Structure formats: C-alpha cells, structure tokens
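Take a look at the structure set out below.
The values are calculated or read from the model by the stated rules, or taken from the named source; none is laboratory data. Note that this is a predicted model, so its numbers are computed, not measured. Backbone-built Cβ (ideal geometry, glycine too); neighbour counts: all protein chains shown.
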Amino acid sequence: MKRKTQMLFSLMLALVFVFVTACGSNNNSNSNTGGTPSATDAAGEETHAPMTIRLASGDVNTSWDDMQSDIGKFLQEKTGITIKEEFPIGGSDAEMFALMVASDEYPDLVMPKGNVGKLVDAGALLDLRPLIEEHGPNLKKVYGDYLNRLKWSAEDDSIYVLPLDGVDHKYFDAGGGFQLQHQVLEELGYPEMKTVQDFENAIKTYLEKNPKTEDGQPRLGLSLNGGEWQILISVTNPAFYATGAPDDGEFYVNQDTLEAVMHYQRPEEREYFRWLNHMNDIGLLDKESFIQKYDQYKSKIASGRVLALIDQDWDYAEAENSLKAQSRFGETYANFPITLNSSIQDHSFQGTGYLASYGIGITKDAQDPVRLIKLLDYLASEEGQVLVNWGIEGKHYNVVDGVRVIPEDVQNMKTNDNNTFKKTTGIGNYFMSARYGDGVKDSTGNYYTTNFPEQIQAQYTEADKKTLAAYGVSTYKDFWPADDAFPERKYGAAWTLPFETGSQANVIFQKTQDIMKKRIPEAILTSPDNFDNVYDAFLKDLDDAGVDKLNAEFTKMVQDRVELWSE
Amino acid sequence: MAGLKKRSMSDKAFDTSVYVLMAIVGIVTLYPFLNVLAISFNNSIDTVRGGITIFPREFTLDNYIKIFEFEGLMTGFKNSVLRTVLGTGIGVLAASMMAYTLSRTDFQARRWMSVIFAATMYFSGGLIPTYMLIRKLDLISTFWVYIIPAILSVWNVFVVRSYIDGLPIALQESGKIDGANDWTIFWKIILPLCQPVLATIALFIAVGHWNAWFDTYLYNSQRPEFTTLQYELMKVLQSTQASTNYRDPNSQQNIAAVSPESIKMAITIVVTVPILVVYPFLQKYFVKGMTLGAVKS
Amino acid sequence: MKSLSTGDRAQEATRKPKSRFWGKMLQQRYLYLMSLPFVIWIFVFSYMPIWGWLMAFQNYKPKFGILNQKWVGFDQFIELFSDDRFYLVLRNTLGMSIMGLIVSFTVPVAFALLLNEIKGQFFKRSIQTISYLPHFVSWVVVAGIVTKMLSADGGAVNQLLMTLHLIDEPIQFMAKGEWFWSIVTASDMWKETGWNSIIFLAAMSGIDQEQYEAATVDGAGRFRKMWHITLPGIRTTFMVLFILSIGHLISIGFEKQFLLGNPLVIDYAEVLDLYALNYGINLSRYSYGTAIGIFNSVVSLILVFSANWIYKRVTKESVI
C-alpha cells in the first residue's frame, strides 16, 4: 500500500473511534419514532396537526405506496396523519414481533396476524372497547351484532384487535375446487363433472387421444403443487373438500358434538388419498408433483401441457395470465366442486358468520390513541370505505345515473398491471379498518367493494363463457351448493383459532405437520397394495406424536369459542 | 536432448488438458449467470413459461426500469458504497493489526487472546440479546450500526495470521536490528508483504458489506436515509411464506402478485455488476503472475 | 532492550517474576496497543450478549424481564434430547457438513493449483473471474436451476444420460433421499469452488519464486513442483482454515437444504438450524431455541478445540 493510503486508513480508524463516542450520545434523539407528535391535545380534541405514525404489518405488501398514492395523499390532507408501514423483510413475522416484544418498543399500530397472543401477553395492546364506545360509531355500526365476536376471551372481554375481514362478505365466484382445461371439456362434449371418477375419466380419455401438444411436448394429466408449502392447498385441503367437510384448517369438527380430530384421521379422507394413489398408479399424476418448485409448476401450466389441476385460482393465476397473454384460452381452466362420490357435497361455502380473525390493534406506545381510533373510524365510515375500495370520484370512478362506474383505462390497469395500479391509486393498500365485504350495498344502492356479480361476468374469457353456457350456469360458483345449504358453523372457522403461545399443543401440531408432509406424498406415490400400510403408518406416527392430546386441546378451543360467541 | 523433448511433450499434454478442463469449468459456472442475465432482460409474463436459457425470448428493459424507479435506490446505493469503502478499510486494518499481534509467538498475551477471539466464531447470544445490546449502545437508527459491530472478523484475523506465519522470519528480525518498534515493523515491513491476503480479505469484507441487508432491516427500517442497496432490493424480492394468511382475499392478491422472476433476476444483476467492475483491481494482487517483483523486494 | 547476561537473567527470573511481567508488557506495548481495543470490542459485541443464554434455563416469556422468569433448569435440554426428530436432523446436519468440508477443501485447492499452471494471463484471469460468479447468484435461483436440470421431465442431465445410452428412463434424482446429500454437496461445489479458491490463490502467490526456479534447475516437473513446493507453501493457510471450519460442522444454516429439498426427501433434508427455527422462535419457544443454540455452540467449541489439540500433538504447531 502506498504511503498516502496508509495515512488515509489510519485516519479513518481514528475517526471511527472518535465518532463512536460522539455519535453515541447524539443519536439518542434519532432513535425515537420519527415525526412530530400531534399538537397538544386535551382529551380527544381534534386537531389536524401533522402526525406521523408507524404501522407494523405482519403481511408483506410489495405495492405499498408510502402515502404517495392518490388515496394516500387524500388521507394525509384530510386527517393530517402520515402512515409509515413496516413489513417483515426476508425474515418471518414471528421474528419481527418477537423483537418488538423483547425490546418493549411498539409502533402506533400493528397488524400482527397470528402473533396477537404474544402482544397481548406482553400487555402491548390497548383495550379498544372504551375508545370504540366513545369515538367509534362507524366501527360499531359495521361490526353490528358481531361486535360480540371481537372480545378476546372468556376471562378478558377486552377488544384488542379490530378484525379486517369484510363483514357480511359474499363470495361471488368459486376460486377453488378441481380444474380442467376448457379444451378437454369441449372435446368430450362437456360431460357431467361431479365425482372424482368423472374427473379421472375426462383426463384419461383426453390424454389417450392427445398425448402430445402441438409443439410435441408430452401432456400431463394432473399436476399438483406439492413441492413447497402449497402442498396444503393442492394436496391436503382438497381431501376435506372432496369428502364433504368445510375448511377448518387441519382439523375436522363434528358439528353436533363440537369434537375435533385432525382431518386426516377421517376414514373418508383415506379414500380420497387412495384415489390420488390410483391416479399415480395409472400414470395420470405428474410424477414431479412433489419435487417441483413453484416456478416449474407455473411454467408447466403456462406451457399449456397440464390438463387438470387441484388448486386455488390465486395460486396459478400468474401462469394462467401467461396463457391468456398468448391467447391460448382453450388451455385455461374451469372449476368444479368434485367430490368422492355423488352423495357427498362440497362444503367450501358453508357459512361461518363473521370470522373476526386477523386485525389491527393500537399499542400502548401509540402517540395519540384517540386520534388513531378516529382515523380508523373514518376508514370504516361509508365515505371512508368507498374511498379505500373505489378511490376518488372523478379520478378512479364516475357516478353515472347514480351508479358507480369504473372507466375503462382504470379497469385495464387494474386487471393487467395490478402492482402499479395499487401503487399509484392506493386502492388495496388501505384496508386497515372495519369494512363490509363483497355484496353489501351502501346507502346509495352501490356496492361497497368493487367485486360484484356483474364484474365477475366481465372477467370471464370467451372460453369460460362457452363452458358455463354448455353447463347452463352463469358462474362457476353455481356448481357449488348454495351458501345456506348447510348450517352456519357456530365457531366461525376453526383455522382462526389461535394456539396458546408456546403451548404443548402447538408443538404437537408442528410435529403433525412434519409427519403429514412426509407421509402423504409417500402414500400417494407408493404402489396401490402398499397404500394402506403407509397410511396406517401415518396414523400411527400421528398417535405417537400425541395427536390425541392435540385433538382434546383443540376440541376445548372450539368449545370455548362457541361459548364465547354465543353470549 | 531427448530428455528435454520428452518433458515438453508431457508438459504440452498437461497444459492442453488443463486448458480444456478450465474451459469446461468456465462454461459450467458461467451458465447460471448468463441464465439470470437472460431472464432479467425478458418480459415477466413470458418468463413464466420457463425454458429460457442464455438468450431472452422477449427482450425488454422493463425490469431494470422498474428497479431504477424504486425510491430508496439512490440513497441505498450511496449508503452501501459508503459502508463498503469505510467498512473495508477499517476491517482490513483491524484484521491485519490483530493478526500481526497474534503471529508474534513471543507476545505475552498471545495464548489467551487467541482463544478468546477464536471462541467467538462458534457462539452467539442470539438475535434478541444482540438486538438489545445494539439498542443499549444507542446504535439503532444510525449509520454506524453498519460499521461498529462489524469492525473485526475473527475469521479474517486467522487467515491473515496464517499468511504472516508463512513469511520468512528473517524479515522481522532485520527490522528489529534496525531499531524499529513493533508498529513500524507492522506498518512498513509486514503489511506491504501481505498484499495478496489483504486483497483477499478486502474482497470478502467488501462483499459482506455490499450484500448486507439484515442489519438494515433490524436496526434501520424506520430510517429511509440509512437504507442500503440490498435492503431496498430485498423489499421487492419478497416471496411468500407458509405462514401467510392464504385464506384472506387480500393476501391472496399479494401472493398472486409476487415479484415476477424477471425482476428477481434483474435485482441479482444489479447487485453483482458493481462487484464485477471493482474486482479486477483486487484480482491482480492475488493471481500469481503479476506480483513477481513486488514480493521479493 | 539492553541485553542482559545469562546470570543476570536467571537472577531476574527467580527474584522478581512480577516486574518481569510488567517489564515485558512495557516492551511489547505497541503490540498491546494494537490489540487491546479489539479485545474490548469483542468483549462488548460477542461476550456480553451471552446473558441471553440464561433463557435456555427458563421458560422464557417476553413479558417479564430476564431475571423474573420461571426457572426450569435443564428441562429444555431434556426435551431436546428426547425428541427423535432432533437426532434425525443432527444426523442430516453432520452428514452434509462433513461431505461439504471434504469437498470444499479439496476441490478449490485443486482448482487453484491448476489455475496457477495456466500461462495465458487473459485466459487465467477470465476463468478465475467467471468461476466465482455463481457465488453471487442466490440459492433460490441455484436451487431452481438444479431442480430443473435434474428433473425427469426434460431435465438436461437425464437427456444427456439417455443420449449416451447409459439409462433407458429418466431418473428422478431429486426424489431420492439417499442422493440428497450428494446433490447438496455437488451444488455447493458448483456454486462456491471459485470463491473458495481465492484464498488459496492468494496463499500461492505468496510463495517465494526462488523455490520454483531452484526446482527447475534440479529437473523437477510440474507435478513435482506442485507437490513439493506449492502444496507445502499453502499448508499453514490450509490447516488454519480447515481446523476452524471443523468448528462450523454443526451450524451450516439451512437455506440450501430447504430450497433444494421437497417432501419426498424431508428425512434427509431437514437440518438443525431449520429445526430450531420451526420448533423454536416460530412457536414462540425462545427458551427451546436458545437451548439448541447453546448445544450448537458447545459442540462447535468442543470440535474445534479438539481438532486443534490433535493438530498440536501431531505437528507441534497450533492454529489457535
């Protein structure tokens, strides 16, 4: 090294040590939450002095706009509040909230998802009940009778989080079920599609006649997204859907006795996995189902080679969009509620009442809880909900003869470039408070949200419309039983039940998940005469891990929930 | 004469096979990089179809444009450069100082210092205690949190020390005879001789700083003015985790809108290119053939 | 320092050992100045956070301070050692790390040796630069590439083997648990050899040229030179790195195994660090996670100091 560089380096080192001592004390002030606290508020007096607050969200949102979007700017002007949102980057949300608790420093608002328990245990969240009473008329109105579902537990009737799922949400279309390419249905003359046998026959027949695509690539009958975490979506959840149970997470709850068991323990589900084993045996199942990465799965679909899927539409959306972009509509998919036999019905849409699951909370470190609850209340008001759903009148929608209409260019950007859409308009980034779900109309007779029946029709491709017409229905959801075909579940949905933090049941649950990930693929890929052995081994593994204890614990959680919500 | 000829024949055979082997290695290691490059220049919807090797199918600069539109990018770049330069200079100096003292077998404190330092490579207090320590030292939300906790890498100390051990002892002795003190010996004799290993650890430290983002996330996520390049890019690089609430329609939208593969690739390129640009300047210090003269003096 | 006669020295030694200590310290003051700041630094940043290890002996709940927790003694460790899964992941971890250790200390050295033999400067420097490019490609991307190449559905490796008539049907490499360790090791070799060889190249360039010239005169060929000059020349560096790496056998992270793995090879793919994540912090069991961390550290320290001790016995030198 030359002399000059030597001098430079030693100088730098010296500087460092000088700065350590100097900056150490100076940066004290910088470590506080940035921005000016609101101007001195006597109890609840409204000021629009600028205030910057922090919101820590457990879910990543890559399209967050930093309040630079149209909606963001509007909110800033109206309320004077600037929201700085934080996300778990590259780590897990569990880590993020664990650090928060350990350092005992909280942002103003949190959306902790499943980590609520940690925060409540640490005493970090404020009880919102008195705040709602005094300053949250809109919040009360939106939750309505369901307000009773917001309380924390039998011992503690505080309200710690305001759930963000839409109240009275209606599903207008079915995104799940089993999928078949339109071209398959067309060639076979749109046969009845109710049981796994129908499904299998359709695939088999088409595959025999058309083993290769136009570019000479071999077709695949059914490909499952089983190589990564989506194994839950594509391989195991369909087991309960196809055997007449609703989505209660990894459990099945007996509606009369409220007893819970892991759904794999149901004999019907064994038969479902046996069917998958059979599909593998006759060569209709993609052998790579449990090896492929998500990218490979999507590229297979995007190449049009896969005749059938068992998945949720948001999981293969990117691939389907690629097909649509290539104008290969015949290779996109139709959805059906396939079940094991004709006497079973798909319970996907069995009612839950209001789920009251993940939500937003105000922490004890919030600068001005009253002002925050008012912000949330505003977002829950009719004006606020229209704002976060539709945007700004004149810019993102127009009112024509009393009906809200979205102009074409806005709609185009929304459909084709959703990320940019969210970032520039802000629509989709501000669902931070109570709100109504799809299908609820406001005082002007328009829907609160931008998803409504007419919209669904507009999103169908020609191939969709053709298939639906052939079956005599207007949406895929029409294939499914009606929403009120089954009684509402008194506990909501079991997947929203939180395990007690660090409990033994939670550990056993994790073990069962590890066991399942190993045994189910094994059972599906083994030879048919070995299937029962593997499945029996699977059940035994579950027993050894303590599944009985887990089931008992979970049953208690279900029963507690029913009791809590029926008060 | 016959003997010489024979030697050069086997030499030639050896040389050729080495060249061929190295060429194969080159192709095999270059391929993933070219693949990443190709995808980064490919239209994202088209990328989903897969099947791209080393040429883009639907060329586009969109992915790069999107990246350069990120707000924090420039600040992140500036901070990353700053921390890399500063951190590397300090890191190299610190490691070499420490290495020199440990290489002196006559140093009184050598044994216990060595053990104390070595042990730290194998344990850690854990994420939470480390975080709380940084907090106590008021390093949260500062730029120095990138430098101070990273001053010394014990690994590098041992690497440099082993190199110094390999230097002829005569050099140090001659310095002592001339009346030089330990610092002068270190500065004037040892350091210049250590160019290869110093260049090497400079590379390691620099890359470490350049690629770091977790510390930004932990300590500076609320201070956009201290953001780093990798962190900015990581923010967009999100892939979904199993704990995502996949049943929530909103989350589903997020999942479906996961960063397209093309953007991920473009990010890789953006981060790597600066390193490639700087690398040749370091390379000459440790690839033999260029330093023949320097060592001997 | 003025030279003392032997007699004086002996007197000094027996009479006042303490002043001799301070005397030497004064004599070596520069060395102390150069090192003490770092000792302080390392105490602060590496040793102070150890208080967190107390968590492993408690049933830690973040609400209360570290001293107000319920103490459970070694319960967490007992639970750890009675979990079958723990032994499984331990086996996987050690299996892959030992394979990785062997490969990462042979292949990069061989690569560096061969690279050194290249005379064309441009070719040499280019190959060297290209060789480390995979280091910068993230494991997410590399795992995707590897999976695609080994795929039975048109993957390159299978295509090649079938064209060469070595196999009739494609092999599902990624579905075979027994092969998983080899696949991970091979992928790592592909990705890191270039980068890992840099340190050896640096060491080689520090070898005195005179030795080579002398050897040529003596009539030594390429291999003789490599064997007798180059390899011994990098011996110190090699041994230091090797022994220090032995300490890392047990904490190898989990990213590459996780990304390359799938449900079919799960029994071979899960490693200790992933287990710690899944059963520790993700379930809010901080104490359990800390206990695993302590286990890791203790084992690492035992490994590295044992390796060093063996090395000392054999060669009379010491790495630490």
Would a scan of the range A:73-96 turn up a residue that is under 30 Å from B:Thr130 (Cβ atoms), part of a loop (DSSP other than H, G, I, E, B) and either at pLDDT 90 or above or hydroxyl-bearing (Ser, Thr, Tyr) (or both)? yes
Consider the range A:473-522. How many of its residues are charged (D, E, K, R) and surrounded by 15 or more Cβ atoms within 10 Å (Cβ to Cβ)? 9
Please state which of the following conditions B:Gly87 fails to meet, knowing it meets all the rest: (1) within 19 Å of C:Leu33 (Cβ to Cβ); (2) more than 7 Å from every other protein chain (Cβ to nearest Cβ); (3) touching a residue at least 12 places away in the same chain (Cβ under 8 Å); (4) not β-branched (Val, Ile, Thr). (1)
Taking the criterion of being in contact (Cβ under 8 Å) with a residue 12 or more places away in the chain, away from chain B (no Cβ under 12 Å), exposed (fewer than 15 other Cβ atoms within 10 Å of the Cβ) and closer than 30 Å to C:Gln172 by Cα, would at least one residue in the range C:238-254 satisfy it? yes
Does C:His165 fit the bill of being farther than 25 Å from C:Phe223 by Cβ, in a loop (DSSP other than H, G, I, E, B) and not acidic (Asp, Glu)? yes
Collect the residues in the range A:131-140 that are touching a residue at least 60 places away in the same chain (Cβ under 8 Å) and either buried (at least 18 other Cβ atoms within 10 Å of the Cβ) or closer than 18 Å to A:Tyr436 by Cβ (or both), keeping them in residue-number order. A:Leu131, A:Ile132, A:His135, A:Gly136, A:Pro137, A:Asn138, A:Leu139
Take A:Asp173 and tell me if it is part of a loop (DSSP other than H, G, I, E, B) and surrounded by fewer than 18 Cβ atoms within 10 Å (Cβ to Cβ). no
Criterion violated by B:Val20 - all others in (1) touching a helix residue (DSSP H, G or I) at 6+ places or on another chain (Cβ under 9 Å); (2) more than 14 Å from chain A (Cβ to nearest Cβ) satisfied: (1)
Here is a list of conditions, (1) of a type in the set (Phe, Trp, Tyr); (2) outside any helix (DSSP H, G or I); (3) closer than 21 Å to B:Ala206 by Cβ, and B:Phe107 meets all of them except one; can you say which number that is? (3)
All but one of (1) modelled with pLDDT of 90 or more; (2) more than 7 Å from chain B (Cβ to nearest Cβ) hold for C:Ile50; state the number of the condition that does not hold. (2)
Picking from B:Thr105, B:Thr101, the residue that is among the polar types (S, T, N, Q) and more than 7 Å from chain C (Cβ to nearest Cβ) would be B:Thr105
Being aliphatic (A, V, I, L, M), under 24 Å from B:Gly166 (Cβ atoms) and more than 7 Å from chain C (Cβ to nearest Cβ) narrows it down to one of B:Val115, B:Val92, B:Val145, so name that one. B:Val92
Members of the range B:33-52 that are at pLDDT 85 or above and within 24 Å of C:Asp188 (Cα to Cα): B:Phe33, B:Leu34, B:Asn35, B:Val36, B:Leu37, B:Ala38, B:Ile39, B:Ser40
Within the set of pairs 6+ apart or on separate chains, which have a first residue in the range C:299-320 that is within 15 Å of B:Arg111 (Cβ to Cβ), a second that is among the hydroxyl-bearing types (Ser, Thr, Tyr) and modelled with pLDDT under 95, and C-beta atoms under 6 Å apart? C:Lys312/C:Ser318; C:Ile320/B:Ser114
Looking at the range A:149-166, which of the residues that are hydrophobic (A, V, I, L, M, F, W, C) and surrounded by fewer than 22 Cβ atoms within 10 Å (Cβ to Cβ) is modelled with the lowest pLDDT? A:Ala154
I'm checking my understanding of the structure. Among residues of the range A:240-285 that are among the polar types (S, T, N, Q) and farther than 27 Å from A:Pro487 by Cα, which one is surrounded by the most Cβ atoms within 10 Å (Cβ to Cβ)? A:Asn280
Taking the criterion of being of a type in the set (Phe, Trp, Tyr), surrounded by fewer than 20 Cβ atoms within 10 Å (Cβ to Cβ), out of contact with any Pro (no Cβ under 6 Å at 6 or more places or on another chain) and not in a helix (DSSP H, G or I), would at least one residue in the range B:21-41 satisfy it? no
Might you let me know whether the range C:153-169 holds any residue that is surrounded by fewer than 18 Cβ atoms within 10 Å (Cβ to Cβ), closer than 28 Å to A:Leu285 by Cβ and touching a Leu at 6+ places or on another chain (Cβ under 6 Å)? yes
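Table: residues versus (1) within 25 Å of C:Ile266 (Cα to Cα); (2) buried (at least 20 other Cβ atoms within 10 Å of the Cβ); (3) in the same structural domain as C:Ser104 (by TED's automatic domain parsing).
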{"position": "C:Gly144", "(1), (2), (3)": "yes, yes, yes"}
{"position": "C:Lys148", "(1), (2), (3)": "yes, yes, yes"}
{"position": "C:Met174", "(1), (2), (3)": "yes, yes, yes"}
{"position": "C:Ser182", "(1), (2), (3)": "yes, no, yes"}
{"position": "C:Gly194", "(1), (2), (3)": "no, yes, yes"}
{"position": "C:Ile199", "(1), (2), (3)": "no, yes, yes"}
{"position": "C:Ala203", "(1), (2), (3)": "no, yes, yes"}
{"position": "C:Asp208", "(1), (2), (3)": "no, no, yes"}
Cβ-Cβ under 8 Å pairs, at least 6 apart or on other chains, the range C:132-150 side under 23 Å from B:Val207 (Cβ atoms) and more than 7 Å from every other protein chain (Cβ to nearest Cβ), far side aromatic (Phe, Trp, Tyr) and surrounded by fewer than 21 Cβ atoms within 10 Å (Cβ to Cβ): C:Tyr132/C:Trp195; C:His135/C:Trp195
The strands (runs of 3 or more DSSP E) lying wholly within the range A:354-448 that contain at least 2 residues that are within 22 Å of A:Asp145 (Cβ to Cβ) are A:359-362
Looking at the structure I just gave you, is C:Met99 within 14 Å of chain B (Cβ to nearest Cβ) and either modelled with pLDDT under 90 or closer than 18 Å to C:Asp273 by Cα (or both)? no
For B:Val197, are the conditions met, namely being over 17 Å from B:Phe286 (Cα atoms), under 20 Å from the mean Cα position of the chain (by Cα) and within 11 Å of chain C (Cβ to nearest Cβ)? no
Filtering the range B:42-81 for residues that are among the β-branched types (Val, Ile, Thr), free of Cβ contacts under 8 Å to residues at least 24 places away in the same chain and crowded, with 20+ Cβ neighbours inside 10 Å leaves a count of 1
Which count do you get for residues in the range A:141-200 that are more than 30 Å from A:Ala317 (Cα to Cα) and more than 26 Å from the chain's Cα centre (by Cα)? 4
Yes or no: C:Phe122 facing another protein chain (nearest Cβ under 8 Å) and in a helix (DSSP H, G or I)? no
Tally the residues that are crowded, with 22+ Cβ neighbours inside 10 Å and within 9 Å of another protein chain (Cβ to nearest Cβ), restricting the search to the range C:264-280. 4
Return the residue satisfying two criteria in turn: it lies in the range B:154-175 and is surrounded by fewer than 18 Cβ atoms within 10 Å (Cβ to Cβ) and more than 10 Å from every other protein chain (Cβ to nearest Cβ), and of such residues it is nearest to B:Gly89 (Cα to Cα). B:Leu171
